[in-house]
Amino acid sequence: MMAAKHHRRHSEDERPSKNRKHPNIPKENGPAKAHNKTPPEDKAPSFVVVVVCAVCIGVVHSIHVSTMFENDRHFSHLSNLEREMTFRTEMGLYYSYYKTLVNSDSFLMGLNRLMHDNLTEYPDIINTLQRFNLYPEVVLGGTYRVFSSMTSWLGLEMRVCWQVSRGGGLAPVVSCEGLGDPAYWYLAGVWISAGLTAALLFIQGTDLSGNLIGGFLTVLCFFFNHGEATRVQWTPPLRESFAFPWSIALNIAVTRVLRTPRPVWTRPLLVGTLSLVYLLCWQFAQFTIVAVVIVVYIMYTISVIPPLPMLLVLLGTSYGFLNNMVLQFGNTLLVSSPLAGCLVGVLLLYLFMEPIIHHLPFPMNMGVQLGFLFVSCTACKIELSRIFGVEDDAHIVNILKSKFTNYSDFHTLLYTCSPEFDFLPQESLYKLNETLLFPCVTMVGGAVFINILSIVKNNIIVRMDKNNEVRPPLWSGVDPGVIFNGAMLIVYAIMASLVMRLKLFLTPQMCVVVSLLACKKYWRVIERKEIHLAILAVLVSGMCVRGFRNISEQRSIVGEYSNPELEELIEWIQSETHEDAVFAGPMSTMANILLSTQRPIVNHPHYEHAGLRERTKKVYSVFSRRSAETVYETLLSMKVNYVVLEEPWCIRRSRPGCGMVDLWDIEEPQNKHKPYLCPKLFHRSPAPFHGVFSNDMFVVLQVPSRYVEIPAPRYHSA
């Protein structure tokens, strides 16, 4: 008890006392007291008002993205099969597990099927809850079953069905819409998540700037730059659709912890809970959480914040990480991840190296501490990988290596040949310039930098004055929340410049930083509030010129999904192959086959697992210059019954050096003089394979169990 009291007194003594003499701090008594009053424009907005505005903004954004999705796909008039076909690549894989939960006899039976799955990586049985981030599907599948049972018990019909004539020689289909339809329930979850994203961006902008105007600036910038900020309206089932709002919420919570460094146990619990949900939704979440921990620790190292808030963030993220490991049954991608290495490294550095580094002179102690931070985190990550024998994230290092060197291998090229993993294009910067987002962020950055420089300079002058009894810390008066968000913006900018797909972090964070245009503290040269508001109105008017055009262009995209070749392939598989027939082929097509036919597959689009990468490489040998016999033996050893070839993969190149044969020429340069196998298989299907299906886009080859010359049992050509 005495120790606790002493600790509280010590904490109070560390804070600057209002009664101590300080040349720049007015006394509590007399006329100077008026200067301590918070100006009206800096008063925190009402919590109720913020929540109401956030909810309204969230509803508007949900309607906005759902409307664009419907305009693009005409989803309401598609059959169930066509709706499933729209979910290509990873989207189809994730949606297939939701479908499993919905169609099982009970929720627990569906969950058991996910935990003992023998279809996704045949013949292996895997726990998909461990391997993939499927908790969004688990929640949506469970809630749909509850909703369906309740409405059925109440006698309510929650969907409307009709027959749709498709034309073009295609048979009519039955289409249903409403929350009673599983697809619409799933999409409703996505749109709610999208609405939560916009609502939290408003809250973050309001919290950072300290007023509602900052929140509305953030939301306006988000809508005006929507195409550069999110793709939820085009790819609903992707992990980022569910995870991104929790990333924003985590940044808000960390900002609050840094701004109010008091030992409240609920704060690390909140940070931990948000980290847990974020990690459960997306395998990439670990990398942004690493950025949060590193930024906070560096802020502590250079004395921007005291030890307590840093420890609260560290404990909170550790709590979230450990609970995630339990809920994901020891996910191999996480157990030896950079996040695990970072948490262990920072904790060891703080516990064992801090007392030694603390005695070094300034600024040597900071440099040594930052050096040890890098070394300890890297060493812990490498050692964890060695202990557990996990190499699931080795491809990430290779991707980064390929960005700065001439290094390339098969798996790296599969990533970097995709536009999403290329460098950030100049077109994106032009678009951000046209809406004035980039100039506004630059202007805010300059104003914040000048403000911090001025504060630090004044603190140095005060510290050098020997007559002062109070010697304020170097960073006293600097807002740690602003520094944290500025540092995260720099981190996101580096990430997005290396991998274009990650601009979904950069653009929203830029919108959040723009909120500081409304923060009077950084614009003291503008003395009158009316002039400040007028300047903001002019800036918003300039943003509207291109911003409204961007919104109009997005909403004017009108299409109707149709893929008769894929539909024909799936219908043939369902009617002409045994339910235990095993398929291999392009990753994106395999996801659709698993989703719509429930046939076993040997490879799929979730490429973050080392074993799966090797499986896919074996399957993709069909696109190499190897002999047909060699490829046949490879597929036969994997127990494949049918291999699917896709015309673009065999014939076309997305760009020079990115055709499948180009990847194999780099992997196996000794075979460059040999003929390319895939066109022969696609057009003539030489032995030992047998062609059994063909249309303009797809060819299916049977992989017979014995290498004998026999006629194909059936052959369908569209």
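In a shell of Cβ-Cβ distance under 13 Å around residue 630, excluding residue 630 itself, what net charge do Lys and Arg (+1) and Asp and Glu (-1) give?
That sum, taken over residues with Cβ under 13 Å, equals +1.
Mind checking the angle between helix 2-14 and the chain's longest principal axis? C-alpha axes, 0 to 90 degrees, to the nearest 10.
80
What shape does region 62-206 have by the C-alpha gyration tensor, where a ≥ b ≥ c are the square roots of the eigenvalues, rounded means a/c under 1.5, and otherwise prolate means a/b greater than b/c and oblate the rest?
rounded
With 10 Å bins from zero, work out the P(r) of the chain over every alpha carbon pair and list the percent per bin.
2, 12, 21, 23, 19, 11, 6, 3, 1, 0, 0
How many nm is it between the label spots at residue 457 and residue 652, if each spot is 7 Å from the Cα in line with the beta carbon?
5.9
Run the simple label-point estimate for residue 143 and residue 256 please: 7 Å along Cα→C-beta, distance reported in nm.
2.1
Sorted by packing (mean other beta-carbon atoms within 10 Å per residue), highest first, where do 333-339, 199-205, 177-183 land?
Descending mean neighbour count gives 199-205, 333-339, 177-183.
Going by alpha carbons, how many degrees (0 to 90, nearest 10) lie between the helix axis of 239-259 and the longest principal axis of the chain?
With rounding to tens, the tilt is 10 degrees.
Could you calculate the FRET efficiency of residue 171 with residue 553 from 1/(1 + (r/R0)^6), where r is the beta carbon distance between them and R0 is 35 Å, rounded to 0.05?
Using R0 = 35 Å, I get an efficiency of 0.50.
On a full-extension model of 0.36 nm per residue, what is the gain between residue 560 and residue 163, subtracting their alpha-carbon distance, rounded to one decimal in nm?
Residue separation times 0.36 nm, minus the Cα-Cα distance, leaves 141.3 nm.
Based solely on its DSSP helices, what 222 nm [θ] is calculated for the chain when runs of n ≥ 4 H residues each add -39,500 (n - 2.57) and the sum is averaged over all residues, nearest 500 deg cm²/dmol?
Mean residue ellipticity, 222 nm, calculated: -19500 deg cm²/dmol.
Taking a ≥ b ≥ c as the square roots of the Cα gyration tensor eigenvalues, with a/c under 1.5 meaning rounded and otherwise prolate when a/b beats b/c, else oblate, which class fits region 129-183?
Oblate is the answer for region 129-183, as a/c is 1.5 or above yet b/c matches or exceeds a/b.
Mind running the shape call on region 374-470? Use the C-alpha gyration tensor, a ≥ b ≥ c as the square roots of the eigenvalues: rounded below 1.5 for a/c, prolate if a/b tops b/c, oblate otherwise.
Verdict is oblate for region 374-470.
Taking a probe of 1.4 Å, how large is the accessible area per residue of the chain, in Å²?
For the chain, the solvent-accessible area averages 46 Å² per residue.
Are any of the pairs 401/503; 401/680; 639/672; 503/617 more than 24 Å apart by Cα-Cα distance, and if so, which?
Those over the limit are 401/680; 639/672; 503/617.
In nm, what is the difference between 0.36 nm times the number of residues separating residue 266 and residue 490 and their Cα-Cα distance?
77.7 nm
Taking the Cβ-Cβ separation of residue 537 and residue 76 as r and a Förster radius of 41 Å, what is the calculated FRET efficiency to the nearest 0.05?
So the FRET efficiency works out to roughly 0.55.
Once amide H atoms are placed 1.01 Å from N in the peptide plane, what residues at a sequence separation of 5 or more from residue 690, or on another chain, have their amide H within under 5 Å of its amide H?
Under 5 Å from the amide H of residue 690: 702.
Roughly what % of DSSP beta bridges within the chain run antiparallel, to the nearest 5?
Counting DSSP beta bridges with both partners in the chain, the antiparallel share is about 75 percent.
At a 1.4 Å probe, what is the % contribution of carbon and sulfur to the accessible area of region 595-657?
Exposed carbon and sulfur together represent 49 percent of the surface.
Testing the spin-label approximation: label points 7 Å from Cα along Cα→Cβ at residue 124 and residue 471. State their distance in nm.
With each label placed 7 Å out from Cα toward Cβ, I get 6.0 nm.
When ranked by the protection proxy of mean other Cβ atoms within 10 Å per residue, highest first, what sequence do the peptides 164-172, 54-62 form?
Sorting 164-172, 54-62 by mean packing, highest first, produces 54-62, 164-172.
Could you tell me the distance between the Cα centroids of region 277-313 and region 478-506, to the nearest Å?
Centre-to-centre (Cα) distance: 13 Å.
Sum up the charges of everything whose Cβ sits under 11 Å from the Cβ of residue 647, counting Lys and Arg as +1 and Asp and Glu as -1, but leave residue 647 out.
Here the charged neighbours net out to -2.
The values are calculated or read from the model by the stated rules, or taken from the named source; none is laboratory data. Since we're looking at a predicted model, the values are computed, not measured. Cβ sites come from the backbone with ideal geometry, for glycine too, and all protein chains shown count toward neighbours. These area figures cover heavy atoms from the full protein model, side chains too; ligands, DNA and RNA do not enter into them. Shrake-Rupley method; radii C 1.70, N 1.55, O 1.52, S 1.80 Å.
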